[in-house]
Structures are given as C-alpha cells and as structure tokens.
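Trainee: A single structure is presented below for examination.
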Amino acid sequence: MVARALLLAGTALAVLAAPPVMARKPPKPSGFEPTLPAPPPPTQPATGGIFSVSAGYAPLHGGTRAARVGDPLTILLVESTTAAKTAGSRSQKGGGAAIVPPTSGPLSFLKPDALNASSSSTFNGQGSATQTSSLSSVLSVTIAEVRPNGTALVRGEKKMLVSQGDEWVRFSGIVRLADIDEDNTLASTRVADARIEYAGKGAIMRSGRQGWLGQFFNRISPF
C-alpha cells in the first residue's frame, strides 16, 4: 500500500510539474484560400427519365471548361512592365544698368563707370526615372464566384517550402468565362482587377533587407 501511495504521489507531482500544453493559434487567413464546390444536391428518386439534374449537366458547347464555383483554372503569369520618365528645366536671365555721374558738383569725383551695375542668373535641372519589372510563372486557381454577366472571381495561391525559407505566389482577379480556352488556361493579361503577390520569408529574405538600425538612421538623416 505504501508503494502504491508513493507511486500515485509521484505521478501527481509529475503531472503538476509538466508545462501546460499551449494550443497553437490557427493561421490567419490570407484571403486567397481555394473555394470548394457546393455540395451535391440530394439524390432524387428515379422518375424513369433519361436526364437527371442531380447527376450533373455539361452542355456540348461548353465541354469541361471551368464555369462553376470550385472549378480549377490555370493562370499563365506573363506580367511585364516598363516605365520611364525624363524631366528637364533650364532658365537664364540677365540685366544691366548704367548711370553717368555729373562732371561738376559734389559727385564730380566719381568715375564715369562707377555707377554701372549688372546681374545674371542661370538655372539648369534634369531628372530621370526608369523602372522595369517582369513575372513569369504558372498558377492554378479556383473559381470563387460566378456572376450573371458572364464573369467570375478567381483566386488561389501556391506555397513552396525550401531549405532556407518559404515562398508563395498569390493571385486573384475577374475573368471572362468566354476567354477560357479548352485547356482551362488563361493569360494574366486578360484578367481584370488582377492582384498578384510574390513574397517569402526566411534566411534568404532577411539577408536582403536592411537592418533596423540602418533603417532608423535613414529615417532621421536630413541628407
């Protein structure tokens, strides 16, 4: 009995000394989660007819093209942007004045060119800016909403776990269902209100960022 009591006491102390298990917080939604199709309608009793709505319907002219909520669609990211701007300004101004002093009187001691004056100013400014960006990738998304005017909202993301960090590509936008080809692919240049995110986190991403102390001095520096 004494051994059993000691065993129970030791077990209780071990349970009390063990650190509490903290529940992990669920990840915050990114807004690009895939959309699942609606659940199928309940099975209808057999009516003896050949066609049944509950079994699904695919018209001959539409085939298997993505057109319903939850259908996958492949987006070809072929983004390329080039912007350039050049500005220049130049001004020049000059002026002069001459006063001839009298040859007699209290100012006769002045030389003939003592009261001559002239002024000139010149300004020349130039500026230029150039920016080029490109993105090429393939991303599969799902249809999140189908609208009566023949357009659909699509969104999706692709996450990649590499040895030195994480990378992800996210996409959302409005597409025309008529623009989807027979392979269920569509170029990103034909997507309205497109939102594309390419980012990541990890050791590689941190090495390409400026340290917090350097950022602090850059903010307060007057130069």
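The values are calculated or read from the model by the stated rules, or taken from the named source; none is laboratory data. Quick caveat: nothing in here was measured; it's all calculated off a predicted structure. Glycine gets a Cβ as well: all are built from the backbone with ideal geometry, and neighbour counts include every protein chain shown. Just so you know, the surface numbers come from the protein's heavy atoms only, side chains and all, with ligands and any DNA or RNA stripped out. Shrake-Rupley method; radii C 1.70, N 1.55, O 1.52, S 1.80 Å.
Trainee: May I ask you to verify whether ASN218 is out of contact with any helix residue (DSSP H, G or I) (no Cβ under 8 Å at 6 or more places or on another chain) and part of a helix (DSSP H, G or I)?
Mentor: Yes; evaluated as a whole, the condition is true for this residue.
Trainee: Can you find, within the range 151-169, the residue that is nearest to ALA67 (Cα to Cα) among those that are open to solvent by less than 40 Å² (accessible area, probe 1.4 Å) and either at pLDDT below 90 or within 17 Å of the chain's Cα centre (by Cα) (or both)?
Mentor: Applying the filter and picking the extreme gives VAL154.
Trainee: Spot the failing condition for PRO148; the list is (1) under 38 Å from the mean Cα position of the chain (by Cα); (2) assigned to a strand (DSSP E or B); (3) on the phi < 0 side of the Ramachandran plot; (4) at pLDDT 85 or above, and only one is missed.
Mentor: So PRO148 meets the others, but not (2).
Trainee: Right, something else. Taking interchain pairs and intrachain pairs at least six residues apart, which have beta carbon atoms under 9 angstrom, with the first residue in the range 31-42 and of a type in the set (Phe, Trp, Tyr) and the second open to solvent by 70 Å² or more (accessible area, probe 1.4 Å) and modelled with pLDDT of 75 or more?
Mentor: As it stands, the answer is PHE32/ARG155; PHE32/ARG195, since those pairs meet every condition given.
Trainee: Taking the range 104-140 as the search range and keeping residues that are assigned to a loop (DSSP other than H, G, I, E, B) and either open to solvent by 80 Å² or more (accessible area, probe 1.4 Å) or at pLDDT 85 or above (or both), which one is nearest to ASP71 (Cα to Cα)?
Mentor: In this case the residue turns out to be ASN116.
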